[in-house]
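Remarks on the structure that follows.
The values are calculated or read from the model by the stated rules, or taken from the named source; none is laboratory data. Just so it is clear, the structure is predicted and the values come from calculations on it, not from any experiment. Counting neighbours? That spans all protein chains shown, and the Cβs are built from the backbone with ideal geometry, glycine included. Each accessible area value is taken on the protein alone, full model and side chains, heavy atoms only, with ligands, DNA and RNA left out. Shrake-Rupley method; radii C 1.70, N 1.55, O 1.52, S 1.80 Å.
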Amino acid sequence: MFHLEDRSGKSLALRPEGTAGVCRFLLSAKNGALIHSLPHRFSYHGPMFRYERPQKGRHRQFTQFGVESFGESSPFVDAEIITLGARIIQDLGLSTSVKLQVNSLGDRQDRERYRTLLTKELESKKSKLSEDSRRRLERVMVSRKTIRNS
């Protein structure tokens, strides 16, 4: 969460993205009612806020639309959500100016190999990374050592 005080001293919490809020909602429903009645799908749309200094050309406030699916592991769910995104782009008349790109890091073994190579590469360039990036890299390396030792 992005916490701050407004000019009157009132405490505000601004959401950084939509997924975490949907997960909290799902988990906090009375007596776990939603967890025990999976699958569920949710969508959200609205303003989100970055705490970190935005990259060039970006702003602290941005609008995000998201779709979340819980309790289904079929790749057809992924295909359905990708198709939904494509239809939204088309229905908004953005097909000529927006390109839908799908990325995948493969299966579990592919992701592990990718993560190992990426960590190794970033470690070799550690001195060129920002303080925040070095801290994140260290956290990843510590968590990997913990997992290997358990």
Handout entry: Among SER28, SER124, SER95: highest mean-square fluctuation, GNM of the chain, C-alpha pairs under 10 Å
Key = SER124
Practice task
Treating cross-link reach as a plain straight distance, find the lysines whose alpha-carbon is under 28 Å from the alpha-carbon of LYS128, omitting any fewer than eight places away in the same chain.
Solution key: LYS56, LYS120, LYS145
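Given contacts defined as C-alpha pairs under 8 Å and at least six residues apart, what's the relative contact order of the chain, whole-number percent?
Values: 108 pairs, mean separation 21.0, N = 150.
RCO, the chain: 14 percent.
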Practice task
For LYS99, list the aspartates and glutamates whose Cα falls under 17 Å from its own Cα; do not include residues on the same chain fewer than 8 positions away.
Solution key: ASP91
Completion exercise
Once all protein chains are kept in place, TYR114 shows an accessible area at probe 1.4 Å, nearest 10 Å², of 110
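Could you pull out the GluC sites (Glu not before Pro) across segment 23-107 that fall in loop regions by DSSP (anything but H, G, I, E, B) with no more than 12 other Cβ atoms inside 10 Å?
Those satisfying the criteria are GLU52.
Trypsin sites (Lys or Arg not before Pro) within segment 70-150: which are DSSP loop residues with at most 15 other Cβ atoms inside 10 Å?
Values: sites: ARG87, LYS99, ARG108, ARG111, ARG113, ARG115, LYS120, LYS125, LYS126, LYS128, ARG134, ARG135, ARG136, ARG139, ARG144, LYS145, ARG148; in loops: LYS99, LYS125.
Listed in order of number, the matching sites are LYS99, LYS125.
How much length, in nm to one decimal, is gained on full extension between THR96 and LYS56, taken as 0.36 nm per residue of separation minus their Cα-Cα distance?
Values: separation 40, 0.36 × 40 = 14.40 nm, distance 2.52 nm.
Taking THR96 through LYS56 to full extension adds about 11.9 nm, to one decimal.
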Practice task
Post the alpha-carbon centroid distance, segment 121-138 to segment 61-86, in whole angstrom.
Solution key: 31
Exercise for the section: Have a look at PRO16, GLN90, GLN55 and report the one farthest towards the positive end of the charge dipole of segment 1-137, computed about the Cα centre with Cβ charges (Lys/Arg +1, Asp/Glu -1). Expected result: GLN55
